[in-house]
Amino acid sequence: MSALPVIFMALMGLSLLIYVVLDGYDLGVGMLSATAKEADRDRMVASIGPFWDANETWLVLAVGLLLIAFPKAQGVVLTALYVPVVLMLLGLILRGAAFDFRAKGDPAHKRWWDAAFAGGSALASLAQGWMLGCYVTGFEDGAAAQVFAAGIAVALTACYLLLGAGWLLIKTEGDLQRRAVGWARRAWPAVVAGLLIVSIASPWLSATVRTRWFDMPGLIALAPLPLIALLALAALRGLLNSHRVLGKLSWAPFALMVVVLTLSFFGLSYSLYPFVVIDRITIWDAAAADESLRFLLVGAALTMPVILAYSLFSYRVFRGKVRALAY
């Protein structure tokens, strides 16, 4: 079998992981802004201002790879996810418009644009979680699958909230930074509960996932993934009780959350491989012809480094604590 579909699946997965981390924190900041003071909201928006639109580029890249590399799966995937995709796009459009209008529009309407910014962030987060839950179950229609998708939607939203609080710990100081500690403490139990529920429900819903994780020697080989994730979450919670999280270790909660998401990504990838749609379509069944994939690989090899270089450059230029909001 050709290795090209595996390469494209790896590129698509890498793009999605980077998107979840990068756009996850700015969606989290957007949701947290709903409970912040007006002056703090300006600083929170300023903390994500140079990055949020570039962060969304990774989602565009991942969807583009799905469309061009796996044309036989795109119809099944996008048809099944039509409603949440529309809701996600509405959320992203709403927060994008609110981002500018809250500062450039009529000051009397600012509080409505602030509400639109937070609401759009929440809508996009919940829709993405719902899509992930539906994808893991292979788009089943039963009540158990719907409850599972709803649980994933809440869990992913909680992860974004914790990422957002971690980002604010890095980028802010003073009262807002201390407030971010409180937000992170409140999001942490929901993240832990969500990951535990997903870990239990996934093998219960899918015989394929159950076999992968609980047959020997896979059980022993895979045990470090959930154990390290739980240790990282425990360390994160311990840091939130330390004054060091407001100083030299302000980066640590965000970094630990990235570790948790990365391990979850590898666990999910292992559960689903080699399927594009679990138990229905493999990556080889869904892939385009090898001749097309070789041609497309040249474009992907040129595009991904450019996006990565731009992202790294912007994070380097705008590193450090956030400055006053300016457009």
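Does a label point 7 Å from the Cα of A190, set along Cα-to-beta-carbon, have any residues of the stretch 161-179 with amide nitrogen under 18 Å, and which are they?
Zone members listed by number: 161-169, 179.
Heavy-atom accessible area per residue, the stretch 41-114, 1.4 Å probe: how many Å²?
Values: 3540 Å² over 74 residues.
Value for the stretch 41-114: 48 Å² per residue.
Express the accessible area of the stretch 172-283 per residue in Å², computed with a 1.4 Å probe while the remaining protein chains stay in the model.
Values: 5850 Å² over 112 residues.
Counting only protein heavy atoms, the per-residue value for the stretch 172-283 is 52 Å².
About the Cα centre of the stretch 33-76, how large is the charge dipole given +1 on each Lys and Arg Cβ and -1 on each Asp and Glu Cβ? Please answer in debye to the nearest 20. Write out the running numbers ahead of the final one.
Details: 4 positive and 5 negative charges, 36 e Å.
Roughly 180 debye, rounded to the nearest 20.
About the Cα centre, and with charges only on the beta carbon of Lys, Arg (+1) and Asp, Glu (-1), how big is the dipole of the stretch 1-92? Nearest 20 debye, please.
Numbers: 4 positive and 7 negative charges, 55 e Å.
I would put it at about 260 debye.
Tell me which aspartates and glutamates have Cα within less than 16 Å of K321's Cα, excluding those fewer than 8 residues away on the same chain?
Cross-link targets: D26, D40, D42, E173, D175.
Using Cα pairs under 8 angstrom and six or more residues apart, how large is the relative contact order of the chain, in percent? Please list the in-between numbers first.
Details: 410 pairs, mean separation 83.7, N = 327.
For the chain, the relative contact order is 26 percent.
Give the lysines reachable from K104 as a straight Cα distance under 22 Å; neighbours fewer than 8 places away on the same chain don't count.
Answer for K104, where 22 Å is the Cα cut-off: K37, listed by chain and number.
Given the options L27, I228, G238, identify the residue whose Cα lies farthest towards the positive end of the charge dipole of the chain (+1 on Cβ of Lys, Arg; -1 on Cβ of Asp, Glu).
Highest projection toward the positive end goes to G238.
Subtracting the Cα-Cα distance from 0.36 nm times the residue separation, let me have the gained length for A10 to T35 in nm, one decimal. Before the final figure, lay out each step's value.
Working: separation 25, 0.36 × 25 = 9.00 nm, distance 3.80 nm.
Length difference between fully extended and current span is 5.2 nm.
Express the carbon and sulfur contribution to the solvent-accessible surface of the stretch 146-211 as a percent, rounded to the nearest whole number, probe 1.4 angstrom. Write down the numbers at each step before the final one.
Details: 1790 of 2590 Å².
With neighbouring chains kept in place, the figure for the stretch 146-211 is 69 percent.
Could you tell me the distance between the Cα centroids of the stretch 135-158 and the stretch 42-117, to the nearest Å?
21
When only DSSP loop residues count, what trypsin sites (Lys or Arg not before Pro) in the stretch 248-327 have their Cβ near at most 10 other Cβ atoms within 10 Å? Walk me through the intermediate numbers first.
Numbers: sites: K248, R280, R294, R316, R319, K321, R323; in loops: K248, R280, R319, K321, R323.
Passing sites in the stretch 248-327 are K248, R319.
Per residue of the stretch 266-274, what does 6.51 cos²θ - 1.76 cosθ + 1.60 with θ = phi - 60° give for ³J(HN,Hα)? Whole Hz please, x for Gly and Pro, Karplus curve as stated.
Listing the rounded values in order: 5, x, 5, 4, 5, 5, 8, 4, x Hz.
Please give, to one decimal in nm, the separation of the simple spin-label points placed at S269 and F318, each 7 Å out from Cα toward the Cβ.
About 2.8 nm separates the two model spin labels.
I'd like the carbon and sulfur percentage of the solvent accessible area for the stretch 8-84, probe radius 1.4 Å, heavy atoms only, ligands and nucleic acids excluded. Kindly include the intermediate steps, with their values, before the conclusion.
Values: 1950 of 2730 Å².
It is 71 percent, rounded to a whole number.
Aspartates and glutamates within cross-link reach of K72: Cα-Cα under 12 Å, excluding same-chain residues under 8 positions apart?
Within reach: D285.
Over the stretch 90-248, what is the relative contact order in percent, taking alpha-carbon pairs closer than 8 angstrom and at least six residues apart? Before the final figure, lay out the partial values.
Working: 147 pairs, mean separation 27.1, N = 159.
Worked out over the stretch 90-248, it gives 17 percent.
Using modelled backbone amide H atoms (1.01 Å from N, in-plane), which distant-in-sequence or interchain residues come within less than 5 Å of F51's amide H?
Sorted by chain and number, the residues that satisfy this come to none at all.
Give, rounded to the nearest 20 debye, the magnitude of the charge dipole that the stretch 163-260 has about its Cα centre when Lys and Arg contribute +1 at Cβ and Asp and Glu contribute -1 at Cβ.
Working: 10 positive and 3 negative charges, 48 e Å.
Its charge dipole is roughly 220 debye.
The values are calculated or read from the model by the stated rules, or taken from the named source; none is laboratory data. Fair warning: this is a prediction, and the values are worked out from it, not measured in the lab. Counting neighbours? That spans all protein chains shown, and the Cβs are built from the backbone with ideal geometry, glycine included. Protein only, heavy atoms only, side chains kept; ligands, DNA and RNA dropped before computing areas. Shrake-Rupley method; radii C 1.70, N 1.55, O 1.52, S 1.80 Å.
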